[in-house]
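The values are calculated or read from the model by the stated rules, or taken from the named source; none is laboratory data. No experiment lies behind these values; they were computed from the predicted model shown. Heads up, the Cβs are rebuilt from the backbone with ideal geometry, glycines too, and the neighbour counts pull from every protein chain shown.
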Amino acid sequence: MITLPYSPKLNISALSAVFDETTNAYKYYWFLAILDLIREGWEDVIPFNRLVAYMLANAWYPLVYFRLSFGKQDQMDRVISLVRTHCGLVPNAPRQQIIECVLDRLNKRDDISRTIYSLLNFVPYRFLRPFFAQTLRRAKDWVVNRRIRALAEASYTDASPCMYRFIAEPVNGIELHPAWVDYIKQHLHILTGFCLWHLTHYLQRNNPNVPNIAYKLFEPQARDLRIARDFWAFVIAQAGPLRCIYSGMEIPQDGFSLDHFLPWRYVAHDRLWNLVPTLKAVNASKRDSIPDLVYFEPFASLQYRAVQIAAHSPRKAWLDDYLLLFRVDRAAKLQHIDFDTFRETLRRTLLPQIEIAANMGFVTGWRYEVPSETIIK
């Protein structure tokens, strides 16, 4: 749990409580949007259209690219699907492109823009509810928004104001209180971590057993596969020609591609026990699909052979991923694991994840088909 920095003039305990008993993701993305916009220089008035555009841009990769669930009550997935359809955005669209597309749709003032704006029916008001918890304790739900709007206005001139008030001019949006802007700017890193910590736990509750939730919050960064490439280049050099587990074709020592048996888009890691060398054309064909289980046996055999070869290498760090997977403390013990035990450990690791990934919508049962133009008639 992250403890927020104290301020003698601000109600920090209310801010600490904004994510208590959260049943959907709106509050997290509302606060992240505020933090992002302050980081970009917005320090007083922030329009609702920009806030909702940032909310959707931040939720895009967890929902669209990584296929996470935000829970049954959350409607952001439905709204993002609508935006994606009408804007023609790809799953890995750049963040700025997503923001611009949402802003453009909102300017059209049509049914789609009204659907997007529906995300703001409650969250700007309910985010402030902890600041007025005592006053609103017995308030009927249908009057809460109106009451919070009035309380936020009255609080703006108090000695301990709430974070913002609602305005209609010069734009329809919120006006941040200067004292809160100063506090947020001073503690921006901590507040971002506070929000992401709560968001990660929320997503873990809604995506049980899905790996690496924390790495699926934003657009993936460039990855470094040099260690994996060095590992497999060494294995190929020592073993002699290896054949691709999908196509049966010989893998060149130089210029091979690395395939994630479980797609990276699902696992969000580059651990060696999930990587095998293949041909570039094969990897391009497989993309984010999960291979048919007919490939599991050759996959396990190739992995076992690679570990036995690498165990004799001076580069013991190559085997760190395997030491963790097989729960042994040194490389010598990996050499004494028989193939049946090795294969069964991989099976217990991979098969449950394949089922989860399938439930998330990842394509399963992929098999490589030789392109027709390469077939000699």
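Tabulated results
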quantity	calculated
Single unsatisfied condition, Phe19 versus (1) among the hydrophobic types (A, V, I, L, M, F, W, C); (2) outside any helix (DSSP H, G or I); (3) buried (at least 21 other Cβ atoms within 10 Å of the Cβ)	(3)
Number of positions in the range 241-275 that are among the charged types (D, E, K, R) and assigned to a helix (DSSP H, G or I)	1
Count of residues meeting criterion [among the β-branched types (Val, Ile, Thr) and surrounded by fewer than 15 Cβ atoms within 10 Å (Cβ to Cβ)] in the range 319-348	1
Among residues of the range 80-111, those that are within 18 Å of the chain's Cα centre (by Cα), part of a helix (DSSP H, G or I) and of a type in the set (A, V, I, L, M, F, W, C), counted	3
Residue under evaluation Gln96, criteria (1) over 12 Å from Leu56 (Cβ atoms); (2) surrounded by 17 or more Cβ atoms within 10 Å (Cβ to Cβ), criterion not met	(2)
Helices (runs of 4 or more DSSP H) lying entirely in the range 284-377 (those with 2 or more residues that are modelled with pLDDT of 90 or more and among the β-branched types (Val, Ile, Thr))	296-310, 339-359
Residue in the range 297-318 that is loosely packed, with under 13 Cβ neighbours inside 10 Å and farther than 20 Å from Ala237 by Cβ present	yes
Options Ala237, Ala222, Ala214, Ala233: the member that is in a loop (DSSP other than H, G, I, E, B) and aliphatic (A, V, I, L, M)	Ala222
Condition check for Ala228: assigned to a helix (DSSP H, G or I), touching a strand residue (DSSP E or B) at 6+ places or on another chain (Cβ under 9 Å) and under 30 Å from Gln353 (Cβ atoms)	yes
